Amino acid sequence: VQFFVATQRVFDLVIAANRLPVDRVVGADGTSQWHRSPGGLVTAMDSVMRHREGAWVGWAGETGEAPAPFEEGGMWLHPVALSDEERETYYEGFSNDTLWPIYHDVIVPAHFHREWWRSYRTVNERFADAVCQVAAQGAKVWIHDYQLQLVPAMVRERRPDVRIGWFNHIPFPPVELFAQLPWRSRILEGLLGADYLGFQRTPDAQNFLRACRQLDGRTTKGDLVTTQDPDGTSRRVRASAVPISVDHQGLEELARTESVQERAKEIRASLGDPEVVMLGVDRLDYTKGIRHRLKAYEELLADGTISSPKVTFVQVATPSRERVEAYKRLRTEVETVVGHINGAYSAIGAPAVHYLHQSYPRAEMAALFQAADIMLVTPLRDGMNLVAKEYVTCRHDDGGALVLSEFTGAWHELRQAFVCNPHDIEGLKQVMLRVMSLPAKDKRRAMRALRRRVADNDVQRWADTFLANLETAPERPSRATTK
Ligand code: ADP
Ligand code: G6P
């Protein structure tokens, strides 16, 4: 009886994302454990939802029957089921082998399959149904990311009483790339079911507005696009930028704890107390520019400009989407290069590259950030890149230096970082060398400015701004909360 009552709970705030904040992992003995899910979306939304009452609709990371809804950290988690086939067609296929490459400059080719699209629609319907089950009358429904672009219109059709927002955590592609999608108009219609659409950067919102205009002949004016609902009524939808951020206060508190600071020293000691520790932290994804950064490091070692172990490189690469072909290939390539560099430039007990294909608790990440003199964030394309903001947050000592690709959303805000174009290997080498030789006081000045920027625009402010925009859309909130 209790279970039945529990599933009837409804909420004034409902968020939907492909992933729940936790993944269920069933062990060999059949017992299940919950682990934190990977990625920036979960990092951000977990902090947001811990400060608000609401439900989170998402996939628990395993195929088969969905676990019953449950409460976790003050959130109501409502799992959505995926079958084995849907994992392959909706998640690995359409989401991560069609949309992900198209939305990231086609760094690898995108694959188009009609059965993947059909599965994407079916799963989006399932998410829309789940959202409608837990949304109270007049609730705010906040849908996330590229996996759920049809959900806004599907929810509107079922529940005209709720307000619907969608936020894209990744870039929105230029119209020339978006146009490749055979289902582009269906996707635009799906998104336009929302009242408000949020993007990481203004150019992303502009790409979306341009697609509406050029591909479907819709009228746009400023950040508004006019759409017609299936019943013929005309409606305006607002699309604008709200750059996401990190839980600055919470993460800085963690970084200031004695145990994290001790651990940072321990990490440096176990690396052999090098003069320079360079660090990369990414999901093992081809968008992150991991190979480019390894190549620059290898060339610096090869031409004798730097030497290991005086300069050491740590690359943390979280396992990601391991059944998708492009990710398998990338892993082989990265591991081959790491092996090659280590073969040529390591000494016994002192590898030139410390490569860690593992996930770590937040405290360990904070310690790693503190242990690193140079943080290398070199994506070829990234919606935001929270790692850049986390690094800055953890450097309460104003130490360290951030090398940041101009192709990240973060670069849009963090202009005091040391900028790089990861395609330009020569330039990347120069920026590494420049940062190594720069006087400490110059680096501290840059770090202080970066820290101020992230402190002023943290994840709670991002969520408040998004929700204020949703509340008043299509009008802007009367008092702008963004800078
Ligand atoms: P993306 O969302 O594409 O993965 P982001 O940089 O925006 O990229 O977010 C990545 C998030 O995952 C950050 O919060 C980062 O701290 C976390 N993370 C990355 N690698 C690891 C790891 N190996 N262990 C634990 N957390 C990780
Ligand atoms: C990025 C995406 C998220 C996704 C995350 C991890 O941050 O924007 O939507 O959850 O990567 O990827 P995964 O496929 O493991 O969920």
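Per-structure values
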{"quantity": "Some residue of segment 454-472 being on the phi < 0 side of the Ramachandran plot, more than 25 Å from the chain's Cα centre (by Cα), in contact (Cβ under 8 Å) with a residue 60 or more places away in the chain and open to solvent by less than 40 Å² (accessible area, probe 1.4 Å)", "calculated": "no"}
{"quantity": "Subset tally (residues that are in contact with an Asp or Glu (Cβ under 8 Å, 6 or more places away or on another chain) and within 10 Å of ligand 1 (Cβ to nearest atom)) for segment 380-393", "calculated": "2"}
{"quantity": "Wholly enclosed strands (runs of 3 or more DSSP E) of segment 348-422 bearing at least 2 residues surrounded by fewer than 24 Cβ atoms within 10 Å (Cβ to Cβ) and over 16 Å from the mean Cα position of the chain (by Cα)", "calculated": "353-356, 418-420"}
{"quantity": "Within segment 41-74, considering residues that are in contact with a Ser or Thr (Cβ under 7 Å, 6 or more places away or on another chain) and either within 16 Å of ligand 2 (Cβ to nearest atom) or part of a strand (DSSP E or B) (or both), the one farthest from residue 10 (Cα to Cα)", "calculated": "63"}
{"quantity": "Residues located in segment 3-35, provided they are surrounded by 14 or more Cβ atoms within 10 Å (Cβ to Cβ) and without any contact (Cβ under 8 Å) to a residue 60 or more places away in the chain", "calculated": "19, 20, 21, 22, 23, 24, 34"}
{"quantity": "Residues located in segment 318-338, provided they are within 26 Å of residue 19 (Cα to Cα) and more than 16 Å from ligand 2 (Cβ to nearest atom)", "calculated": "329"}
{"quantity": "Count of segment 159-190 residues which are closer than 21 Å to residue 42 by Cα and not β-branched (Val, Ile, Thr)", "calculated": "7"}
{"quantity": "Where a residue in segment 313-332 is over 11 Å from residue 290 (Cβ atoms) and in a helix (DSSP H, G or I) and its partner, wherever it lies, is more than 10 Å from ligand 1 (Cβ to nearest atom) and not hydrophobic (A, V, I, L, M, F, W, C), with Cβ under 8 Å and at least six apart", "calculated": "325/97; 326/97; 326/101; 326/286; 327/286; 327/321; 328/322"}
{"quantity": "Looking only at segment 324-338, and only at residues there that are open to solvent by less than 80 Å² (accessible area, probe 1.4 Å) and not acidic (Asp, Glu), the one that is nearest to the chain's Cα centre (by Cα)", "calculated": "327"}
{"quantity": "Residue 117 within 16 Å of ligand 2 (Cβ to nearest atom) and closer than 23 Å to residue 20 by Cα", "calculated": "no"}
{"quantity": "Considering residues of segment 97-136 that are crowded, with 20+ Cβ neighbours inside 10 Å, polar (S, T, N, Q) and over 17 Å from residue 166 (Cα atoms) only, the residue farthest from the chain's Cα centre (by Cα)", "calculated": "119"}
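The values are calculated or read from the model by the stated rules, or taken from the named source; none is laboratory data. Everything quoted here is computed from the prediction, not taken from an experiment. So basically every Cβ, Gly included, is an ideal-geometry build from the backbone, and we count neighbours across all protein chains shown. Side chains included, ligands, DNA and RNA excluded: accessible areas come from the protein's heavy atoms. Shrake-Rupley method; radii C 1.70, N 1.55, O 1.52, S 1.80 Å.
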